[in-house]
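Q: The structure's right below; bear with me while I get my questions together.
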Amino acid sequence: MNNFGVRDVDVVVIGAGQAGLSAAYHLRRAGLVPDRDFVVLDHAPGPGGAWQFRWPSLTYAKVHGMHALPGMELTDADPARPSSEVIAEYFAAYEETFGLRVRRPVHVEAVREGEDGRLRVETSQGVWRTRALISGTGTWDRPFWPRYPGQELFRGRQLHTANYPGPEEFAGQRVVVVGGGASGTQHLMEIAPYAAATTWVTRRPPVFRDGEFTEEWGRAAVARVAERVRRGLPPESVVSVTDLPVNDAIRAARASGVLDRLPMFDRITESGVAWDDGRTVDADVILWATGFRAAVDHLAPLRLREPGGGIRVEGTRVVRDARIQLVGYGPSASTVGANRAGRVAVRNALRVVRGAGVRAGV
């Protein structure tokens, strides 16, 4: 293991992204003291959650639906700066303002059943024993790579959104972009002016939506994802179940043919991709904008998964173990959802810790 020893706290928060910081903020509001009553563990090298790893061309102006953390607005951000810089600086200021004392980099290796009803959180910097756990590990560490026949034969380069370097690197190349979500369309529109040719491939025909997303539409999307996690199915992201918003850039890309979509290919060849009807496309690069899965492998020793493959969650509470709260999971995997989930998770965690109600401030 290591030589850091074993420490006892009431609550361990894993992850210092939007959901984890929201939870930490509400723990402080409840009167808990960082490092004495609770600890926040984050595996990233610095503040910013998954945002710090986003591609440089994703400027703050292009960010869809970034909501401020509770208690502190994000103000005067330069829309032309990379979102990775803007949000990392904001998160760093937030941690300092509220004295959250995030420990990093700390890799959580496993959470196991411990003694006296506590959970045992095993990490690269020792073991914490805790009465309640709030896990906000998100999805960025688990990019989803689909598998297709012939994939290992492809002589070109395969990338995922998680390691997308920006559009300039694709200059003069033939690029196949796979995925019908926001990332796929953003990548495609950025790459097209540089690439020799682009091809857009999706499993389902994309649905474009004119006009602003209404609150009712957002609630319906969240409800759909929430129903899946209540049934113990692997969660979809809230973003994946909403349509693509039409703006001027989307209109121009559709008019120019950049967003002309092809159905999903059937196999990958040495030189590109192919369909069973005989159509082929030569490619130098296949870019998989195919999303992410929940990063919850650290919870595997607790056997929380249901037969459907997911973890059954009511609100933020894991149905199989009330000591564990999942935030940034399923319906709370959006910035506004993560904020709300942090507050709910703290209420639930303190019920476990105190065995009764929580302080009025939460």
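What follows is calculated from the coordinates using simple rules that are stated; it is not laboratory data. None of the values given here were measured: they were computed from a predicted structure. As a convention, Cβ positions derive from the backbone with ideal geometry for all residues, glycine included, and neighbour counts pool all protein chains shown.
Q: TRP275 to GLU115: FRET efficiency via 1/(1 + (r/R0)^6), r the Cβ-Cβ distance, R0 56 Å, to the nearest 0.05?
A: Result of the calculation: an efficiency of 0.45.
Q: Same structure, new question: So what's Rg/Rh here for the stretch 56-156, counting alpha carbon atoms and using the Kirkwood radius for Rh? Display every interim value, and only then the final one.
A: Numbers: Rg = 19.5 Å, Rh = 17.7 Å.
Using only Cα positions, Rg/Rh for the stretch 56-156 is 1.10.
Q: If you don't mind, another one. Could you tell me which GluC sites (Glu not before Pro) in the stretch 83-185 are loop residues by DSSP with no more than 12 other beta carbons within 10 angstrom of their beta carbon?
A: GLU115
Q: Listing LEU233, LEU32, LEU133 from the residue with the fewest other Cβ atoms within 10 Å to the one with the most, what is the order? Before the final figure, lay out each step's value.
A: Numbers: LEU233 18, LEU32 21, LEU133 27.
The most exposed by this proxy come first: LEU233, LEU32, LEU133.
Q: With +1 on the Cβ of every Lys and Arg and -1 on the Cβ of every Asp and Glu, and nothing else charged, how large is the dipole of the stretch 68-175 about its Cα centre, in debye rounded to the nearest 20?
A: It works out to roughly 560 debye.
Q: For a quick check: sort PHE170, PHE53, PHE154 by the number of other beta carbons within 10 angstrom, fewest at the front.
A: Going from sparsest to densest Cβ surroundings: PHE53, PHE154, PHE170.
Q: Looking at VAL281, MET264, VAL246, which one has the Cα that reaches farthest to the positive end of the dipole of the stretch 231-315 (charges on Cβ: Lys, Arg +1; Asp, Glu -1)?
A: It is VAL246, whose Cα lies furthest towards the positive end.
Q: Which residue, chosen from GLY117, VAL127, VAL106, occupies the Cα position most advanced towards the positive end of the dipole of the stretch 88-131, where the dipole is computed from +1 (Lys, Arg) and -1 (Asp, Glu) charges on Cβ about the Cα centre?
A: With unit charges placed on the Cβ atoms, the residue in question is GLY117.
Q: Sticking with this one: If you fit an axis through the alpha-carbon atoms of helix 335-354 and take the longest principal axis of the Cα set of the chain, what angle between them do you get, 0 to 90°, nearest 10?
A: Approximately 30 degrees, to the nearest ten.
Q: Note the full-extension length gain between SER256 and GLU227 as 0.36 nm times their separation in residues minus their Cα-Cα distance, in nm to one decimal.
A: Gain in length upon complete extension: 6.6 nm.
Q: On full extension of the chain, what length is gained from LYS62 through VAL33, given 0.36 nm per residue of separation minus the C-alpha to C-alpha distance?
A: Values: separation 29, 0.36 × 29 = 10.44 nm, distance 3.70 nm.
Result: 6.7 nm gained on full extension.
Q: Calculate, in nm to one decimal, what TYR194 and GLU168 gain on full extension: separation in residues at 0.36 nm each, minus their alpha carbon distance.
A: Stretched out fully, the TYR194 to GLU168 stretch lengthens by 8.7 nm.
Q: What is the magnitude of the charge dipole of the chain about its Cα centre, with +1 placed on the Cβ of each Lys and Arg, -1 on the Cβ of each Asp and Glu, and no other charges, expressed in debye to the nearest 20?
A: 1400
Q: Taking neighbour counts of Cβ atoms within 10 Å as a proxy for exposure, in what order, fewest first, do LEU262, LEU58 appear?
A: Final ranking by Cβ density, sparse to dense: LEU262, LEU58.
Q: Let me ask something else about it. For the chain, what is the relative contact order in percent, using Cα pairs closer than 8 Å and at least 6 residues apart in sequence?
A: In percent, rounded to a whole number, it is 23.
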